[in-house]
Amino acid sequence: MIKKLVLKYFFCSLILILAIQNMFSQSDTLFEHTVFDYKIEEGVNTFSVIEVDSFSLAKYFGQTTEELLGKSNGLFVKQYGAGNLATLSIRGSSANQTQVFWNGIPVNTASIGVTDLTLLPIDFYNSLLIKKGGASLSCGSGGIGGAVCLNSNSFFKKGITLSAQQVLGSFGIKRTILKMNYSTGKIHFVTGYLHRFSLNNFSYKDISSPNEQYVSRENASINQHFFMQEIGWFINKKSQIEFKLNYLNSWRQIPSIIGATNNGEFQNDQQIKTLIGFKNISNNLRHDLKIGFVNEVMNYNDTALGIFSNFNISSFHTNYRVTRDLKSVNGRIQAFLMIREDVAESDYYDEISNQNTSSLFVKWEQKINKTEYHLAVRQELLDFNFLSPNPSIGVKKSFFKNGKWNSEINASKTSRIPTLNDRFWVPGGDPNLLPENGFEIENNNRIYLSDNLMFSSSIFFGRTSNWIIWHPMNNGLWSPENVKEVQRYGLESKLEFEASLKDVNFELDMQYNYLNATTIHSFNINDASINKQLIYVPAHQTQLDVELAFKKVRIFYSQSLVGSVYIDVENNSYLPYYFPADIGIDWSSNFITGKQLVAGLKIINLFNEDYHIVANRPMPGTHFLINLKINLKK
């Protein structure tokens, strides 16, 4: 059965791709220079998008994706303790309304619709994009809150580079990273390996005990192996083929909540992500084709209660994007086809479950003097049945000389189809659930107050209807239903300052975010959540980042403030705000006869803040990371 689904999937993909390519192809004249860059494909962007480059990623040595995203503007990471499940929320959306893309391939698990950030190491990515609201429409479906895009771009500079990195830290933290880059100028190879281990046996206050004494965290270790292989080949000056493979084997213990008995729970995850891509630039025309495969195997064990859960999910992907520039009118048209087939086996499904989701995104954009605008629509199909279209519109305008004030306004509709668990879980799943629908309007402003000072802000308002909630039915079984409508609005602001004096560089970033996310309508009678803030959605967040660099030495300090969050729908119980700080220093030597040494020290939770992000799941106190890296190049 699976073989037939695969053949059907690839056959349909090929037919649609050839049809769209024929529609757009009118010239095969080649450019003199080729630039394979996501910014070319993005084009006019009137939405809120944050880019984290490789230089910024380097500051998070020894840390993980959830720790990086937790310090980004407008994001909230719900972390169930060090090394355990961590999910992302953007602008008050749920975790399964936030999509994660790996080199353009969606990797949210089809069973529950979320991505566990703990299973996404950042060490082998050189670009990370955070797209909020309707910005996610340009890269895929389901991102009512937004999307995170992880990219590993190939560089074809001739030579060979080797690097070995060792990170050691408190609570048994060990990270070993090996990487090799080799390029002939036409063919590029990247090979990487990561081993991550931690006992996570930190001390915490046991608030369930009479004297609230400090005890050590038990059954919380994690052991991960990650391997990556990438190959890029320039067929000619204008065409490129790429192959990417990621493999992860993760084993981790799951600690109990404070006051509960340790059941010896643990979980093993194995993931394979692969893609083959082809890119071509012709005269005013660009093609980008990706065929991907993602397999996830999850085994959960509760040794005390004898619970054993198994999931095996395979996802087949075909993405094809074609872009044509119309220079006569200073415009551009783009079409983006995505086809996905999910096949899942589980102890909780009656049979092998599968679903096909596909979508076509079409975008027109044009620049007229200092004004840019776009019109776009994404049409989705679920099992070859048409869903309501998701349009978006946006305008960008520059004011004053040299564009010192840029203002953008946009409106968009987004949607998310139910997960496999929502539809096929036994007992309780409902295959007739409706997709969740989101609407958002947003205004972004960037003002350059001087050559060194920039202020940016985003104001947004949105509503999400048909929100899916699992709740008990009259027969005592839990089942999902489209039960409520949520309203979200807020402000995101950031002040950036940068100054240089001879060999000294200074950077200061300050962020403040306000978010109101409440239930405004529910089909449940006497729903206590009406007009109440959603649980685990902080109304206030601030972030301060300071960096001082002198020649080869860099010192950085980070201070977060996350406001209190409610932990029940009636808003009676809450977790207090937390205020953790990190400080670090790193040093890089010059390359001498092809050798470079990089060393660093970081103190996390500098002031030993005692806090929980999720109730009764403590976070570590003050701890240290020491980093040593050797780079060799020829």
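Summary table
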{"item": "Odd one out for Y349 among (1) farther than 22 Å from L150 by Cβ; (2) aromatic (F, W, Y); (3) in a strand (DSSP E or B); (4) open to solvent by less than 60 Å² (accessible area, probe 1.4 Å)", "result": "(3)"}
{"item": "Selected residue (criterion: farthest from I254 (Cα to Cα)) from residues of the range 89-108 that are touching a residue at least 40 places away in the same chain (Cβ under 8 Å) and open to solvent by 10 Å² or more (accessible area, probe 1.4 Å)", "result": "G104"}
{"item": "Counted residues, the range 417-452 - those being among the aromatic types (F, W, Y) and assigned to a strand (DSSP E or B)", "result": "2"}
{"item": "Test result for K363, part of a strand (DSSP E or B), under 24 Å from T115 (Cα atoms) and in contact with a helix residue (DSSP H, G or I) (Cβ under 9 Å, 6 or more places away or on another chain)", "result": "no"}
{"item": "Cross-chain or 6+ apart pairs with Cβ under 9 Å, the range 509-521 first and more than 30 Å from A499 (Cβ to Cβ) and assigned to a strand (DSSP E or B), then of a type in the set (V, I, T) and open to solvent by 30 Å² or more (accessible area, probe 1.4 Å)", "result": "T518/I530; T519/I530; T519/V569; I520/I530; H521/I530"}
{"item": "So R463, is it open to solvent by 70 Å² or more (accessible area, probe 1.4 Å) and within 23 Å of the chain's Cα centre (by Cα)", "result": "yes"}
{"item": "Qualifying residue in the range 317-324 (condition: part of a strand (DSSP E or B) and touching a Cys at 6+ places or on another chain (Cβ under 9 Å))", "result": "yes"}
{"item": "L495 vs. criteria within 19 Å of F47 (Cα to Cα) and open to solvent by 40 Å² or more (accessible area, probe 1.4 Å)", "result": "yes"}
{"item": "Scan of the range 164-176 for residues that are within 26 Å of F591 (Cα to Cα) and either modelled with pLDDT under 95 or buried (at least 19 other Cβ atoms within 10 Å of the Cβ) (or both), ordered by number", "result": "Q165, V167, R175"}
{"item": "Only one of Y489, Y536 that is over 30 Å from G428 (Cβ atoms) and either free of Cβ contacts under 8 Å to residues at least 60 places away in the same chain or not in a strand (DSSP E or B) (or both)", "result": "Y489"}
{"item": "Scan of the range 200-241 for residues that are among the aliphatic types (A, V, I, L, M) and either open to solvent by 70 Å² or more (accessible area, probe 1.4 Å) or in contact (Cβ under 8 Å) with a residue 24 or more places away in the chain (or both), ordered by number", "result": "I207, A220, I222, M228, I231, I241"}
{"item": "Residue among D568, D509 that alone is charged (D, E, K, R) and within 22 Å of the chain's Cα centre (by Cα)", "result": "D509"}
{"item": "Given (1) crowded, with 18+ Cβ neighbours inside 10 Å; (2) modelled with pLDDT under 95, index of the condition D383 fails", "result": "(1)"}
{"item": "Count - residues of the range 250-288 that are open to solvent by less than 50 Å² (accessible area, probe 1.4 Å), assigned to a strand (DSSP E or B) and over 30 Å from N219 (Cβ atoms)", "result": "11"}
{"item": "Residues that are out of contact with any Ser or Thr (no Cβ under 6 Å at 6 or more places or on another chain), without any contact (Cβ under 8 Å) to a residue 60 or more places away in the chain, not in a loop (DSSP other than H, G, I, E, B) and not β-branched (V, I, T), drawn from the range 383-416", "result": "N385, F386, P391, S398, F399, K401, N402, G403, W405, S407"}
{"item": "Check on V322, surrounded by 18 or more Cβ atoms within 10 Å (Cβ to Cβ), among the β-branched types (V, I, T) and modelled with pLDDT of 95 or more", "result": "yes"}
{"item": "Filtered residues of the range 266-312 (kept if of a type in the set (S, T, N, Q) and free of Cβ contacts under 8 Å to residues at least 60 places away in the same chain)", "result": "Q267, N268, Q270, T274, N280, N295, N299, N301, T303, S309, N310, N312"}
{"item": "Residues satisfying the stated conditions in the range 578-604, i.e. open to solvent by less than 60 Å² (accessible area, probe 1.4 Å), of a type outside the set (S, T, Y), closer than 20 Å to A164 by Cβ and part of a strand (DSSP E or B)", "result": "D586, Q596, V598, A599, G600, K602"}
{"item": "The listed residue being surrounded by fewer than 23 Cβ atoms within 10 Å (Cβ to Cβ) and without any contact (Cβ under 8 Å) to a residue 12 or more places away in the chain, out of S152, S127, S56", "result": "S56"}
{"item": "Evaluation of L337 against (1) modelled with pLDDT under 95; (2) in contact with a helix residue (DSSP H, G or I) (Cβ under 7 Å, 6 or more places away or on another chain) (one fails), failing number", "result": "(1)"}
{"item": "Filtered residue count, the range 614-634, keeping only those that are open to solvent by 70 Å² or more (accessible area, probe 1.4 Å) and outside any strand (DSSP E or B)", "result": "1"}
{"item": "Single residue of V377, V395 found to be modelled with pLDDT of 95 or more, open to solvent by 50 Å² or more (accessible area, probe 1.4 Å) and in contact with a Leu (Cβ under 9 Å, 6 or more places away or on another chain)", "result": "V377"}
{"item": "L606, sole failed condition from (1) at pLDDT below 95; (2) within 30 Å of S256 (Cβ to Cβ)", "result": "(1)"}
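The values are calculated or read from the model by the stated rules, or taken from the named source; none is laboratory data. Predicted model only: the values in this text are computed from it and were never measured. Note that we place each Cβ from the backbone using ideal geometry, even for glycine, and neighbour counts take in every protein chain shown. The accessibility values were calculated without ligands, DNA or RNA, using every heavy atom of the protein model including side chains. Shrake-Rupley method; radii C 1.70, N 1.55, O 1.52, S 1.80 Å.
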